[in-house]
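Everything on this sheet refers to the single structure shown next.
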């Protein structure tokens, strides 16, 4: 009995079927019934999931960027739920927004490839790594919104690219992963403080 939940980690299941509650933002979601092959899709969505493995069920709420909403309780054995990162305007990632919006770089640029290697190959393997990343993805959309509300938003994103993205990329490329992770969280906390965003 299994259900697939995929997020920013690509094809690695993010939902622990032993139970738990999960929240993801800026993802494209496809739900498929294993019995009827019925499919439901949501674009640039926010998803909240609660899993009760002892009862064999999961409960979810999905709201997408177009205002479409769905919720319900389903048998874990009957459904597959896949979520992949939304690429609309950088989604909920500060670094992606700085690269895509300020520099016009593609989503598969060298800088973002380096950050994904840092995240998946280093940070996730640290004792509190997954909690840190979830905190980042919960907080980043509000931070992006706060920056975008400024009249000088383009200049701010350009500054983030020069002061943070370029330097972090260099550290990662030189294999200085510990230093890169420390700098990344420092930059993030500084931005959260500068723009008075609550870091959940």
### Task
List the relative contact order of the stretch 89-194 as a percent without decimals, with contacts defined as Cα pairs under 8 Å and 6+ residues apart.
34
### Query
Which FRET efficiency, nearest 0.05, do residue 69 and residue 185 yield, Cβ-Cβ r, R0 45 Å?
0.85
### Message
Would any residue of the stretch 147-190 have its amide N under 16 Å from a label point 7 Å out along Cα→Cβ of residue 122? List them or say none.
### Response
164-188
### Summary
Relative contact order as a percentage, the stretch 135-200, C-alpha pairs under 8 Å and 6+ apart, gives 56
### Query
Convex hull volume of the Cα atoms in the stretch 89-194, per residue, in Å³?
89
### Message
If R₀ is 35 angstrom, what is the calculated FRET efficiency for the pair residue 162 and residue 80, using the beta carbon separation as r and rounding to 0.05?
### Response
0.25
### Task
Evaluate the distance, in nm, between pseudo-label points positioned 7 Å from the Cα of residue 48 and of residue 154 along their respective Cα→Cβ axes.
3.8
### Task
Give the shape of the stretch 135-200 as rounded, prolate or oblate, defined through the alpha-carbon gyration tensor: a ≥ b ≥ c are the square roots of its eigenvalues, a/c under 1.5 means rounded, and otherwise the shape is prolate if a/b is larger than b/c and oblate if not.
oblate
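Throughout, read-outs are computed from the coordinates displayed, never taken from laboratory work. Small disclaimer: the values here were computed from a predicted structure and weren't measured. A quick note on method: Cβ atoms are made from the backbone with ideal geometry, for glycine too, and the neighbour counts reach across all protein chains shown.
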